[in-house]
Every structure is written in C-alpha cells, then in structure tokens.
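One structure is given below, encoded as structure tokens.
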Amino acid sequence: MRNRFASTFYELGAEDPRLVIVVADISPAGSIAKFREDFPNRFINTGVAEQVMIGLCAGMAQRGLRPFAYTIATFSVFRPYEMIRDDLCYQDLPVTVVGIGGGVTYSTLGGTHHAMEDVALMTSLPNMSVIAPCDPAETAAATRWLATQNQHPAYLRLGKAGEPDLTSNAVDPFVIGKLRRIREGKGTAFLAYGPVVKMALDLADLVEAQTGLPATVASAHTIKPLDSDGIASILCSHDRVVVIEEHVSHGGLGSRVKEIAWDSRASCDLRCFSLRDEFIHFYGSHEELLAQHGLGVPQMSAALGLQQSRASHIERA
Amino acid sequence: MQNSFDVKLAQRRCRAYRRRILEISQKVTALHVAPAFSCMEIVDVIYHAFMRRAETGWFDDAFIMSKGHGVMTQYVILEDLGVLPAEQLNSYCTPSGKLGAHPDLGNPGIEASTGSLGHGLSIAAGMAYADRLQGFDRKTFVVLGDGEMQEGSIWEAVMMAPNLKLDNLIAFLDFNDYQGLGRTTETHPHFLPMSEKLCSFGWESVDVDGHDSAALVDAVQNRTGDRPLFLTCRTVKGKGVSYMIDAPIWHYRSPNKQEYEQALAELEDVESVGA
C-alpha cells in the first residue's frame, strides 16, 4: 500500500503542480524519493515535528496548493490532533493526512506505534473524510480521488507494504462514499476495511465450504462519509452480518453498523470483531498481535461456528 | 511607505480604535480589551504601513492574528478600512452577527481561524511557502502573544521557517509580559532574551517598542531581508487606559459605565479637541 501510494502520488504530482507532500521524518522510499529528487520544492520534511507539518499544510491549502501530510499513523493523528481539528477541519481545507501503519501494523514497536483509535478520532471531526483502502489497488484509487478533490480534509489510513491484491475481481468499482462489494453472496455478509479484508475473504471461503452458499464480502473503504444506505441494504438482505476491523470497538465501523442496524430495524444476526479496549504489551508479527485480540481466522471462525478447512487452518505452536 | 506613514495620524487612529473597542465593550461582557490594546500600534502599522491592497479591495498581503484574543484590534481596523461593515461589529458575539471573540475564517479580512494558541505561525509559514512556490509577490504578517510562545508548536514553526527561507514572513511578538495567571517573565523566568533565541534559530530578529509606530515601521524597513523577520515588540497590556495597565482582570472584563467614561476621557482625540 505504501509503495502504491508513493507511485500514484508521483504520477499525479508530475502532472499537477499543486500537489505537495510534507513528511515528518518518515517517508516512503521508491517513488517519493524520486518525487523529492524531481520536485525538491514540493517535498518538505519538517523533521520530528508533526504540529508544524499540519499547520504548514493548512497554510499551503489556503494558498491553492493540495498538500498531503505523511507519517506513521500515530504521529499523523494523535500528536497534531488539535492542528487537524482547528487548522484543517474547522477551516475546512483540502489537505490529506496520511497515516502509514494504521492499526497494529508496527507490531514489534509497542503501543506508542499502534494506531488503534485513529478512526474514532478522525471520524468524530466535522468536515473530515476517512478512507481506509484494503489493498494496493484501492490505495491507488483513493490517492487519485484525494489528490483531485478540492473540498475538504481527509484521512488516508494505510497499512504498510506487501499487502496482497484483494479486489481485482471485485463486483463493484471503487467509488468514494460507497460500500464496495468484492464478492456477492447470500446468507452471510462480511464488512471490513483495511488489510483485514483479507480475513473476511478467508472466512467467506469457510462459510461457502460449510454451507455451499457464497458469502458477501464488502470493503467499507470510506468510513466517513459512511454509506449508511449500502450498509442498511446489506443488513436487511442477509441473515448474518459480520464486521471485522483493526480498531478498538468503540467509534469504529462496528459501532456505526450497530447504529445503522437499529435505525434500519434490521433483524439479522450481527457480530463485530475488533481490537479490544486494551493496550497491547505483546510483541510478534502483525498477525500474531491481531490474534492476541481475537482477530484471527481461527478465532473468528470458531466464534462464528465455522469449521476450519484443512487448507485454510493456520497452525500455531 | 515609510515616508508616507504619518505617525501623528497613526496615534489618532489608534486612540479612535481604542475608543471603538470600548464602545463595543459596553454591549457585551466577554471582551478581551487589554490584550487588544497592547497590540494596537503593531496591527495598525501592519495594515496602514505594509499591507498592500488591490483596487478590488482585496489585500495583496496577508495578516494572521495568531493571538486570537487580540482580534478586536483587527476588527476595528478592518471596519475603518471598509472591509468589515459597522453592523457586524455592532452585533459582535450575538446571534445576529458573525464575529466572535476569536478570528473565524470566512469573515471578511480574516485569513485564519485562531483562538487556540500556537497555530498561527505554522499556518503563516505554509502560506508564505506556497506564495513563494507559486511566484506570488505577497508578504505574510503574523502577530503572536507572549504566552503563546510557550507552545511547542511555535518552536516547531520557528525552527522550520528559516529552513524554508521564508523572507516573506514577518512575525511580531506582542510582548506585554502578561499571560493567564500572571507575568510571563515570572511564569518563565528565562523567557528573555527572546531576540537572541530567534536569532540562533536563523531568523533576523530585533527588539522594538511595540507602541512606537515609527520605530515599528523602521524595524521592518531596515531589515536585511534575506530571512524571516521576528520583532520582539515590548508592549503594555491595557495600553491607553491608566487603570487597565498591567491589571490582569482586564484580560476578560468589560468596563462599567463609570470606568468607560474615564477611559474615553483618557483616550480623547486631542487633535480635534485642540483644533
């Protein structure tokens, strides 16, 4: 995702002189390094200083530029949060805040580097859009939209590098503000955003193996403005809806889907899997950290009463 | 600009602006009178000596009141310049108006929404950088408060502006030596020297009397000009009204009828009285 963001930004920035990237001592290699070489005036590194990163972007947006602020999600959201609120949202400026390593991607760096509450914070802000693509292709599409929209601030929540492509055969195209069905099925539907959409697809395979019915899987890449109608439609047309998110349970997709379920008088079985309301004092791979909070295919399939097929079962010591 | 800047006229203007602020203070209780008075000459000089204005009425240069609680000074000057209509000032802080106790982007002449301290310098630096990048001949002026200088974000911007070679950025520190709970130099005994601090960060930095309009104009005019400029302007909180001077209560309080009349008497337009 990081690399696709960088290559898309380079491609767009080469065409549009309004695009500027302001980083705080964290920058993607590859295409952004090339962008820095080719357009040195449109790459700014503030060093380890995130508040001025956001403030500079605000001033530049007021003068007609289209800045992207970029660093690790915890530092792009938590540290300069008041600047995001006052400078970007209150003034309603078209600045994109990019958070790399959303969720617990940086699994060995400890809780200071886990962005577990970023979606709750960012979606609570008026004027702010929150976009969390699930794979490199959605990252490119989101970046393209963010670079050309001239209206409002936005938060782009990315994973890291090396995520698999999940959407090449998607049923729906990527449209900002619309729930995107990757697979269409019946009976069970999975809603997720970010790289954990992969787990939803794996669970959907288990559902199909067990029931013979394909399950619906949708990428809720636009968490704000959320496609309430699309979610209500999924809730009302499936017997069971499962939300998976790499975020604490409050203020994320799961709690929003529950609100929509109430408002739309949905009667399906609704299950939400998320990170727990706890800091993580555990070190290991990204998958191992997620599994600590129950976000693993084995744990979720057990909770959903699905049988693990031999092929998809992840052996753990 | 310097030659055409009439200091006597500036003094009369500033007295009139202070009277206008006091007039508004009789309609609403929550008003930052004293912090507006301390930056009066600074903002007057910015608008009347330096801000260029196109025939369309738009300013060619930019001004940000980073110490947002000083905005009343900006409002009365914008009113005088015909940018803000009188009815807007008369409906200040009421549901029928649009002006609040801090600047709000979208109101005529207001370039940034401030009020929370420590934001204005970064925004101003972003504007100045964007102007340079796009080849716009525009200067960005910003007024900072001394309490505000304690925000870490200010120092992030202080460190960044010279890196970006922002010679089109001019910051005025309204050093009235007061903040919420007392004197700035008592809250932070090492607050001074300030100019040396800025100098060491790569700014051109000078000290100036913040109520001496001619000195303020000179300080900007005589700059070297190859770096961002920082003026530490020594000011008096409540300047212009004897009982408000250095009395912290006037950060928030509006004068009662008797106090109002005394203040008006002290701020009488001596020129017109003598004429």
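The values are calculated or read from the model by the stated rules, or taken from the named source; none is laboratory data. Quantities reported herein were computed from a predicted structural model and do not represent experimental measurements. As a convention, Cβ positions derive from the backbone with ideal geometry for all residues, glycine included, and neighbour counts pool all protein chains shown.
Enumerate the strands (runs of 3 or more DSSP E) found wholly within the stretch B:159-275, keeping only those where 1 or more residues are in contact with a Pro (Cβ under 6 Å, 6 or more places away or on another chain), without any contact (Cβ under 8 Å) to a residue 12 or more places away in the chain and not polar (S, T, N, Q).
none
Taking the conditions exactly as written (within 27 Å of A:Gly103 (Cα to Cα), in contact (Cβ under 8 Å) with a residue 24 or more places away in the chain, among the β-branched types (Val, Ile, Thr) and within 13 Å of chain B (Cβ to nearest Cβ)), does A:Val23 satisfy them or not?
For A:Val23, the condition - within 27 Å of A:Gly103 (Cα to Cα), in contact (Cβ under 8 Å) with a residue 24 or more places away in the chain, among the β-branched types (Val, Ile, Thr) and within 13 Å of chain B (Cβ to nearest Cβ) - is met.
Of (1) more than 7 Å from every other protein chain (Cβ to nearest Cβ); (2) aromatic (Phe, Trp, Tyr); (3) free of Cβ contacts under 8 Å to residues at least 40 places away in the same chain; (4) farther than 24 Å from B:Val217 by Cβ, B:Tyr129 satisfies all except one. Which?
If we test B:Tyr129 against (1) more than 7 Å from every other protein chain (Cβ to nearest Cβ); (2) aromatic (Phe, Trp, Tyr); (3) free of Cβ contacts under 8 Å to residues at least 40 places away in the same chain; (4) farther than 24 Å from B:Val217 by Cβ, just (1) comes out false.
Buried (at least 18 other Cβ atoms within 10 Å of the Cβ) and either at the interface with chain A (Cβ under 10 Å from one of its Cβ atoms) or modelled with pLDDT of 95 or more (or both), is that true of B:Tyr92?
When the stated conditions are applied, B:Tyr92 does not pass them.
Considering only residues that are facing chain A (nearest Cβ under 7 Å), outside any helix (DSSP H, G or I) and either touching a strand residue (DSSP E or B) at 6+ places or on another chain (Cβ under 7 Å) or surrounded by fewer than 24 Cβ atoms within 10 Å (Cβ to Cβ) (or both), which ones fall in the stretch B:113-126?
Those that are facing chain A (nearest Cβ under 7 Å), outside any helix (DSSP H, G or I) and either touching a strand residue (DSSP E or B) at 6+ places or on another chain (Cβ under 7 Å) or surrounded by fewer than 24 Cβ atoms within 10 Å (Cβ to Cβ) (or both): B:Ser113, B:Ser116.
Tell me which helices (runs of 4 or more DSSP H) are completely within the stretch A:9-95 and hold 3 or more residues being at positive phi, or say none if there are none.
Because the criterion is at least 3 residues that are at positive phi, no helices (runs of 4 or more DSSP H) in the stretch A:9-95 meet it.
Regarding A:Ser267, is this residue of a type in the set (S, T, N, Q) and surrounded by fewer than 16 Cβ atoms within 10 Å (Cβ to Cβ)?
yes
Need the failing condition index for A:Tyr81 against (1) surrounded by 20 or more Cβ atoms within 10 Å (Cβ to Cβ); (2) within 13 Å of another protein chain (Cβ to nearest Cβ); (3) hydroxyl-bearing (Ser, Thr, Tyr), just the number.
(1)
All but one of (1) within 13 Å of another protein chain (Cβ to nearest Cβ); (2) touching a Gly at 6+ places or on another chain (Cβ under 7 Å); (3) more than 19 Å from A:Asp86 (Cα to Cα) hold for B:Asn168; state the number of the condition that does not hold.
Condition not satisfied by B:Asn168: (2).
Going through B:Val142, B:Val71 one at a time, which residue ends up being within 17 Å of B:Asp44 (Cβ to Cβ), within 13 Å of another protein chain (Cβ to nearest Cβ) and within 16 Å of the chain's Cα centre (by Cα)?
After applying the criteria, what remains is B:Val142.
Identify all residues within the stretch A:222-252 that are part of a loop (DSSP other than H, G, I, E, B) and either over 25 Å from A:Ser301 (Cβ atoms) or free of Cβ contacts under 8 Å to residues at least 60 places away in the same chain (or both); write none if there are none.
Scanning the stretch A:222-252 gives A:Pro225, A:Leu226, A:Asp227, A:His238, A:Asp239, A:Ser249, A:Gly251.
To keep it simple, each residue is scored yes or no on (1) at the interface with chain B (Cβ under 8 Å from one of its Cβ atoms); (2) farther than 18 Å from A:Pro17 by Cβ; (3) free of Cβ contacts under 8 Å to residues at least 12 places away in the same chain.
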site	(1), (2), (3)
A:Ile44	yes, no, no
A:Ala49	yes, yes, no
A:Tyr70	no, yes, no
A:Thr74	no, yes, no
A:Gln91	yes, yes, no
A:Gly101	no, yes, no
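Taking the condition within 26 Å of B:Gly152 (Cα to Cα) and touching a strand residue (DSSP E or B) at 6+ places or on another chain (Cβ under 8 Å), does A:Ile32 pass?
Considered against the rule, which asks whether it is within 26 Å of B:Gly152 (Cα to Cα) and touching a strand residue (DSSP E or B) at 6+ places or on another chain (Cβ under 8 Å), A:Ile32 comes out as no.
Please pick out the residue among B:Val158, B:Val208 that is more than 14 Å from chain A (Cβ to nearest Cβ), at pLDDT 95 or above and crowded, with 18+ Cβ neighbours inside 10 Å.
Selected residue: B:Val208, the only one of B:Val158, B:Val208 that is more than 14 Å from chain A (Cβ to nearest Cβ), at pLDDT 95 or above and crowded, with 18+ Cβ neighbours inside 10 Å.
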